[in-house]
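Taking it in order: structure first as structure tokens, then the write-up.
The values are calculated or read from the model by the stated rules, or taken from the named source; none is laboratory data. If you're wondering where the values come from, they're calculated on a predicted model, not measured in any experiment. Here the Cβ positions follow ideal geometry from the backbone for every residue, glycine too, while neighbour counts run over all protein chains shown.
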Amino acid sequence: MNRCPLTLSLAFVVLAFLNGCGGNAPVNKDEHEKHTQQNTGGVSEHSHYPVQVIKGYPPGSYAGLFPKPPGLEPAVAFWRNTYAVWRRSQVVFHDNRHMDVIYEVLTLPGYVAEGLTSEQKSVMNARRDYWKVRLIDLENKLRYQVPLGPSDQQLVAKLESTGKPIGSIVSGASERVRGQRGTRERFKRGLEISSGYDLRFREIFRNAGLPEDLVYLPHVESSFQPAARSSAGAVGMWQFTEGAAKTFMPDGNTLDRRMDPFASAIGASHYLSHAYKKLGNWPSALTAYNHGIGGMKRAQRYMGADFMRIVDYYQGPAFGFASRNYYAQFLAAREIVNNPTVFFAEGVAFQPQGASNEYFAREHAR
């Protein structure tokens with residue numbers, strides 16, 4: 001939940017909370033959402049993602065509705081590569097709107113840790129500026145019909161691979177250059193950790209009448225790190241802010257349990273149930289975990305319930321790169337987790353079920 005050492009009680013018993021969860025969110029207010037935005041607009045009340053019920057789920061539950069529209073595949077493929085192909089020593093320079101336009105995959109110098117050295121940051125920034133200048137130069141050459149050299153022609157081919165007219169896609173391309181570090185090592189470690197939580201998380205979402213695949217969300221939020229903290233003040237594996245925790249977590253989060261993976265999973269089930277009821281489809285409900293329920297309601301008022309129209313055209317405040325890509329990241333993580341040997345041929349050291357309790361105790365003791 002886009003992104004205080006706390007004293008937690010390890011005597012927390014998940015089933016006690018599950019008995020009180022059901023499938024209903026405990027609130028009906030939007031003012032406690034993670035992000036607030038200011039927009040108004042017309043409303044279009046149609047949905048391309050109708051509710052379905054699959055045998056075996058509790059009555060009235062939501063089942064497996066995580067469609068992948070063809071227009072989203074370039075973004076999903078980009079995040080599959082980010083999670084499972086590109087390493088943390090690599091920086092991918094790409095177009096932040098046309099995710100299949102990859103300018104370069106740069107390997108940073110020296111040993112590359114989770115954080116970058118000042119030298120590595122300088123190299124990354126300099127290379128991003130290089131591509132900005134190249135694209136400005138290309139745009140000017142095309143505008144004034146200057147003959148293109150071989151490197152210019154290669155760049156045109158990259159842009160034309162999107163299927164869009166070169167004149168439209170090169171316009172503003174220099175402002176869309178973005179650098180993305182690979183996260184293969186981090187994602188693999190999260191995959192190993194997640195196996196120790198999987199059964200209990202699935203039980204929480206199943207008892208709430210929600211699709212069990214929602215257990216994959218911490219891969220996007222925190223790589224399953226219980227003590228994760230974001231610059232926006234979100235805490236824990238499920239990345240709750242204080243305001244969202246007070247509204248959606250058990251007991252109003254009277255004792256701050258945001259670093260408790262199980263209490264936070266229950267809070268996530270409350271939030272996502274509420275988001276789905278407000279928004280009517282899972283792509284929008286999951287995006288609301290990043291952008292806020294009110295923010296996605298405003299997007300639907302402008303664009304209708306067609307999720308791809310929102311991704312492609314919505315220009316609301318704070319609906320930037322992270323929000324546009326959040327659902328694609330979830331789909332990419334879901335595909336990798338369901339096919340780990342395809343993406344990590346060297347093998348994954350999965351934790352045994354129940355190992356999460358020991359890991360959580362060890363991490364909290366630090």
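Structural remarks
- Complete set of residues in the stretch 229-249 that are more than 22 Å from ILE293 (Cβ to Cβ) and crowded, with 18+ Cβ neighbours inside 10 Å: none
- Hits in the stretch 181-235 - residues which are over 25 Å from LYS121 (Cβ atoms) and within 15 Å of the chain's Cα centre (by Cα): ASP213, LEU214, VAL215, TYR216, LEU217, PRO218, HIS219, PHE224
- Look at the stretch 150-164: where a residue is over 12 Å from ASP100 (Cα atoms) and a partner is hydrophobic (A, V, I, L, M, F, W, C) and not in a helix (DSSP H, G or I), sitting 6+ places away or on another chain with Cβ atoms under 7 Å, you get VAL156/LEU148.
- Taken across the stretch 88-98, residues that are more than 30 Å from PHE344 (Cβ to Cβ), among the aliphatic types (A, V, I, L, M) and not in a helix (DSSP H, G or I) do not occur at all.
- For the stretch 316-342, the tally of residues that are hydroxyl-bearing (Ser, Thr, Tyr), buried (at least 20 other Cβ atoms within 10 Å of the Cβ) and over 12 Å from ALA299 (Cβ atoms) stands at 2.
- Candidate set from the stretch 335-366 (those that are in contact with a Pro (Cβ under 9 Å, 6 or more places away or on another chain) and hydroxyl-bearing (Ser, Thr, Tyr)); member that is modelled with the highest pLDDT: SER356
- Selected residue (criterion: farthest from PHE187 (Cα to Cα)) from residues of the stretch 221-269 that are β-branched (Val, Ile, Thr) and in a helix (DSSP H, G or I): THR247
One line per residue, one yes/no per condition, for (1) among the polar types (S, T, N, Q); (2) farther than 28 Å from GLU114 by Cβ; (3) surrounded by 24 or more Cβ atoms within 10 Å (Cβ to Cβ):
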site: GLY196; (1), (2), (3): no, no, no
site: PHE201; (1), (2), (3): no, no, yes
site: LEU210; (1), (2), (3): no, yes, yes
site: GLU221; (1), (2), (3): no, no, yes
site: ASP251; (1), (2), (3): no, yes, no
site: SER264; (1), (2), (3): yes, no, yes
site: ALA285; (1), (2), (3): no, yes, yes
